[in-house]
Every structure is written in C-alpha cells, then in structure tokens.
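Below: the structure, in structure tokens.
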Amino acid sequence: MAFPDDVLSDEEELVLHLRPHWRASVAPLLVLALTVTGTVMALVLLPPTEGGRIGLLLVVAVMLWYGVRYALHPLLAWRCTHYVFTDERILLQDGVLARERRDLPLNRVNDHALHQSLLDRMLGSGTLTVDSIGEQKAVLAGVPDAQQVQSLLYELIEHSPAEDEQEDELSEDPALGPPH
C-alpha cells in the first residue's frame with residue numbers, strides 16, 4: 001500500500017518515506033516457502049485412497065493456516081507500515097485491515113534515541129524511539145539506515161518551521177530589540 005499524499009497539508013514538504021527494514025520480511029518468506037513445499041510434498045506423497053484424501057485435506061488446511069498466520073499476515077503488515085518524515089511532523093501508519101495513524105509534530109519532540117543490536121548494526125537498521133511533550137512516545141522499529149534517519153530527524157527538529165516562526169516573531173518584536 002502506498003502512503004496517501006492527501007494526508008499532508010498544502011505547505012508541508014515530504015522529506016523521507018520509509019518502511020521497516022527488509023529483514024522483517026525474511027522469516028515470513030521462509031515460512032511461505034516451507035508451507036508451499038510442505039503442501040506440494042503432501043500432494044505427491046499421500047496416496048489417493050479415502051484415508052489419504054482426508055489426511056491430504058488436513059495437511060493442506062494446516063499448511064494454509066500456517067501460511068496465512070505466519071507468512072501472509074506479517075508480510076502484509078510489513079508492507080502496510082509507513083514511517084513518514086516531513087518538514088513539520090513525523091507520521092506513523094500501520095495496520096492491514098484496521099489502520100492506525102499517529103502524528104508527532106516536530107516542535108513537540110523532546111528527545112530521540114537509537115537502539116541497535118549487533119545484527120542491527122551489521123544490517124544498518126535500528127529502533128528509533130521518539131519522546132515528545134506530554135509523555136508521548138513513538139517507537140519506530142526496524143528503521144533502515146537508522147543512523148542517517150536519526151541525524152535527519154535532528155536536522156528537521158533544529159530547522160522546523162514552527163521554530164523559524166518563533167524566531168521571526170522574536171526578531172520583529174520591538175520590545176525585545178534586534179535578534180542576537
């Protein structure tokens with residue numbers, strides 16, 4: 001699913017659009033391959049007798065259930081998860097059937113931290129935790145190129161339009177004098 005551009009305001013500029021790291025799709029793809037292989041083997045090896053047909057139906061039903069539960073659903077969830085960074089906010093969207101979207105304005109971000117395991121460091125991914133005013137916390141799991149994304153987030157926070165507007169207001173206030 002592509003991220004809809006209509007959720008952005010007219011003046012808002014898209015800076016970065018990410019999905020979780022590709023490694024999140026590896027295990028579901030392996031499960032899918034094993035499920036297909038197991039189903040084909042069941043079709044070839046089970047005899048076409050009456051008992052064999054019932055056994056075949058049971059094996060195929062179990063394989064389909066495992067395929068949907070442990071392969072198809074995680075792949076769809078990975079495909080439907082979006083991390084969007086704009087010049088004004090961070091948008092997080094996930095969900096296959098029921099969708100959840102969360103916005104974090106950049107001017108409300110207090111802190112952001114990056115956690116990388118050894119495997120994350122080898123693959124360049126990581127978990128980015130963003131704290132904002134009001135005890136809100138957003139966790140972006142499996143961010144690809146995590147160190148660059150954290151640096152970009154820092155730059156966006158430092159140069160957010162809301163802060164530029166505040167600086168403009170301060171510089172235009174005659175009681176405060178010229179800007180420093």
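Considering the stretch 120-145, and only residues there that are over 18 Å from the mean Cα position of the chain (by Cα) and touching a residue at least 12 places away in the same chain (Cβ under 8 Å), the residue that is farthest from His159 (Cα to Cα) turns out to be Gly134. Is one or more of the residues making up the stretch 60-72 modelled with pLDDT of 90 or more, in contact with a Leu (Cβ under 8 Å, 6 or more places away or on another chain) and more than 23 Å from Ile157 (Cβ to Cβ)? Scanning the stretch 60-72 turns up at least one residue that is modelled with pLDDT of 90 or more, in contact with a Leu (Cβ under 8 Å, 6 or more places away or on another chain) and more than 23 Å from Ile157 (Cβ to Cβ).
Mind checking whether some residue in the stretch 138-146 is modelled with pLDDT under 80 and in a helix (DSSP H, G or I)? Among the residues of the stretch 138-146, not one is modelled with pLDDT under 80 and in a helix (DSSP H, G or I), which makes the answer no. Within the stretch 8-32, take every residue that is closer than 18 Å to Arg89 by Cα and more than 17 Å from the chain's Cα centre (by Cα) and give me the one that is surrounded by the fewest Cβ atoms within 10 Å (Cβ to Cβ). Here the answer is Asp10.
I'd like to know if the stretch 75-93 contains one or more residues that are among the basic types (Lys, Arg), surrounded by fewer than 16 Cβ atoms within 10 Å (Cβ to Cβ) and free of Cβ contacts under 8 Å to residues at least 60 places away in the same chain. Looking for residues that are among the basic types (Lys, Arg), surrounded by fewer than 16 Cβ atoms within 10 Å (Cβ to Cβ) and free of Cβ contacts under 8 Å to residues at least 60 places away in the same chain, one finds none in the stretch 75-93, hence no.
Screening the stretch 71-119 for residues that are among the basic types (Lys, Arg) and in a helix (DSSP H, G or I) and picking the one that is nearest to the chain's Cα centre (by Cα) gives Arg79.
As a summary of the residue check, Gly38 satisfies the conditions (1) part of a helix (DSSP H, G or I); (2) of a type outside the set (A, V, I, L, M, F, W, C); (3) under 21 Å from the mean Cα position of the chain (by Cα) except for the one numbered (3).
The values are calculated or read from the model by the stated rules, or taken from the named source; none is laboratory data. Bear in mind that the values here come from a model prediction, so they are computed numbers and not experimental data. With ideal geometry, Cβ positions are generated from the backbone for all residues, glycine too; neighbour counts draw on all protein chains shown.
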